[in-house]
1. Could you sort out which of Lys129/Lys150; Lys129/Lys201; Lys129/Lys171; Lys129/Lys181; Lys59/Lys150 sit more than 29 Å apart by Cα distance in this structure?
2. Tell me which residues come under 5 Å, amide H to amide H, from Arg191 once H is placed; ignore anything under 5 positions away on its chain.
3. Count charges around Lys149 for me, please; just the other residues with Cβ under 12 Å from its Cβ, Lys/Arg as +1, Asp/Glu as -1.
4. Tell me, Leu25, Leu51 in order of fewest to most beta-carbon neighbours within 10 Å?
5. Between Lys166 and Glu141, what is the label-point separation in nm under the 7 Å Cα-to-beta-carbon projection?
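Readers should treat all values here as calculations from the given coordinates under stated rules, not as data from a laboratory. This is a predicted model, so every value here is computed, not measured. Counting neighbours? That spans all protein chains shown, and the Cβs are built from the backbone with ideal geometry, glycine included.
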Amino acid sequence: MRTREEGSITVEATLCVTLFMIFALFLTTLFYTVYVQEAVSHSIIQTADSLSLEAYSIKKLEPDVNTGAKAAITSLGVKLFSPGQGDEHFRTEQRWFSEDRLEEKYVEEPEMSTKNPDIRNIDLSEIIKDRFIGYLANGDEEYADQFLKKMGVIDGLSGVNFSESKVKSGKLYITARYQVKYLVNIGDLGRLNVCQEYCSKIWL
């Protein structure tokens, strides 16, 4: 009788420990998922706001008119939104916000594509991704990739897709899609599809 009781206690203890471990893994996975989403969301917001502000200096303040003022506006954007020192990840001269990308009712310069035939070749997603790296890892692409992989983002930095981002009606819409794998990933089935979006009014 005593042997049966000891065996029953052992089974119950095993079940309790197993359930506790599963619960602990679930909480850890939840923490990692929320943490990476917060980190990506924060970087996306900073990216959108800084690009939207920088658009003013690119469009309104031409280099041959007032380089000092243009540099001042760009510097202001860096100081407001950037954790770094204003390196190449926090600056761009490309007219990614061109009216050619906006709705017809917002077009102000229909001749822009004739004057600048390369505008349509500008890859908005690459500009966003470059700025995103700046805010996520202070411009360190390798660190950004390792950080995202450590947090469970599949394929790390290359797994974050900004291709759905767009400029519309004077606003910048940033969309980031990526997958996060669970810590307990049996048969590679534990994946969470994440889509994060943010909109910012362009300073034009």
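1. Working: Lys129/Lys150 19 Å; Lys129/Lys201 19 Å; Lys129/Lys171 18 Å; Lys129/Lys181 21 Å; Lys59/Lys150 39 Å.
Flagged as over cut-off: Lys59/Lys150.
2. Residues meeting the criterion, in which the H sits 1.01 Å from N, are Tyr182.
3. On the way: positive: Lys150, Lys181; negative: Glu142, Asp145, Asp155.
Value of the local net charge: -1.
4. On the way: Leu25 13, Leu51 26.
Final ranking by Cβ density, sparse to dense: Leu25, Leu51.
5. Taking the two extended label points, one gets 2.8 nm.
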